[in-house]
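Have a look at the structure below before the remarks.
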């Protein structure tokens, strides 16, 4: 092979590599701009309900109006998943752009009204973020609210006590008080929150629907 031939092959390979890298970057950017959260085709109005916030004040469907709500169901006696999720949500809240943060509230809903008193929530929820809202209601009010979002939970005997099995999904409610969507699970690590993706999704959702 002549020197000129080697030079031409090198240039072709180099150009192919550059174009390939450029194409990947374009595709990657396009993929990153897509919302991965599940957004319902038609938002569903949530029913009237009454629970108590960790501040010892009533929390009703009216408190969902005017802001986007990120909702997680859990319980304070949860040994691992709940505190991990709350930590991730705290990181998400801190990562949101200022305009999106001002339009968003984070809601922790206890699925364990038997043990999670208002005082218990007051000692638990602000630890992860002082702006987070913890709520607890009667079994009937909890069932009403959870079913409206599609959240499930069940009481399971555990030794001399019990644990609560519950959905780990994070729900999105729009400022009209409607069920809007669910954040997607990490496809690589199911059950693990992908904070950067969720932050990006919520930012786009809020800005695209403002």
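The values are calculated or read from the model by the stated rules, or taken from the named source; none is laboratory data. Quick caveat, the model's predicted, so the values are computed rather than measured. Quick reminder, even Gly has a Cβ in these numbers, built from the backbone with ideal geometry, and neighbours come from all protein chains shown.
Does residue 203 satisfy the criteria of being under 22 Å from residue 64 (Cβ atoms) and part of a strand (DSSP E or B)?
No; evaluated as a whole, the condition is false for this residue.
Any idea which of (1) more than 24 Å from residue 115 (Cα to Cα); (2) touching a strand residue (DSSP E or B) at 6+ places or on another chain (Cβ under 7 Å) is the one residue 208 doesn't satisfy?
With respect to (1) more than 24 Å from residue 115 (Cα to Cα); (2) touching a strand residue (DSSP E or B) at 6+ places or on another chain (Cβ under 7 Å), residue 208 is out only on (2).
Check 156, 109 and return the single one that is in contact with a strand residue (DSSP E or B) (Cβ under 7 Å, 6 or more places away or on another chain), outside any helix (DSSP H, G or I) and without any contact (Cβ under 8 Å) to a residue 12 or more places away in the chain.
The conditions single out 156.
Which pairs have Cβ atoms under 8 Å, sit 6 or more apart or on different chains, and link a residue in region 89-101 that is outside the structural domain of residue 203 (by TED's automatic domain parsing) to one that is surrounded by fewer than 17 Cβ atoms within 10 Å (Cβ to Cβ)?
none
Condition check ((1) part of a loop (DSSP other than H, G, I, E, B); (2) under 21 Å from residue 191 (Cβ atoms); (3) touching a residue at least 24 places away in the same chain (Cβ under 8 Å)) across all residues:
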| site | (1), (2), (3) |
| --- | --- |
| 69 | no, no, yes |
| 76 | yes, yes, yes |
| 84 | no, yes, no |
| 122 | no, no, yes |
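If the requirement is being within 25 Å of residue 207 (Cα to Cα), in contact with a helix residue (DSSP H, G or I) (Cβ under 7 Å, 6 or more places away or on another chain), surrounded by 14 or more Cβ atoms within 10 Å (Cβ to Cβ) and assigned by TED's automatic domain parsing to the domain that holds residue 133, which of these qualifies: 72, 49?
72
I'm trying to understand the selection: among the residues of region 159-173, which are assigned to a loop (DSSP other than H, G, I, E, B) and either touching a helix residue (DSSP H, G or I) at 6+ places or on another chain (Cβ under 7 Å) or on the phi < 0 side of the Ramachandran plot (or both)?
160, 167, 168, 169
Condition test on residue 58, is it closer than 18 Å to residue 125 by Cα and in contact with a helix residue (DSSP H, G or I) (Cβ under 7 Å, 6 or more places away or on another chain)?
In short, no.
Residues being over 17 Å from residue 92 (Cβ atoms) and within 16 Å of the chain's Cα centre (by Cα): count how many of those fall in region 153-174.
Counting residues in region 153-174 that are over 17 Å from residue 92 (Cβ atoms) and within 16 Å of the chain's Cα centre (by Cα) gives 3.
Tell me the residue from 151, 176 that is assigned to a loop (DSSP other than H, G, I, E, B), surrounded by fewer than 19 Cβ atoms within 10 Å (Cβ to Cβ) and in contact (Cβ under 8 Å) with a residue 12 or more places away in the chain, please.
Of 151, 176, the one residue that is assigned to a loop (DSSP other than H, G, I, E, B), surrounded by fewer than 19 Cβ atoms within 10 Å (Cβ to Cβ) and in contact (Cβ under 8 Å) with a residue 12 or more places away in the chain is 176.
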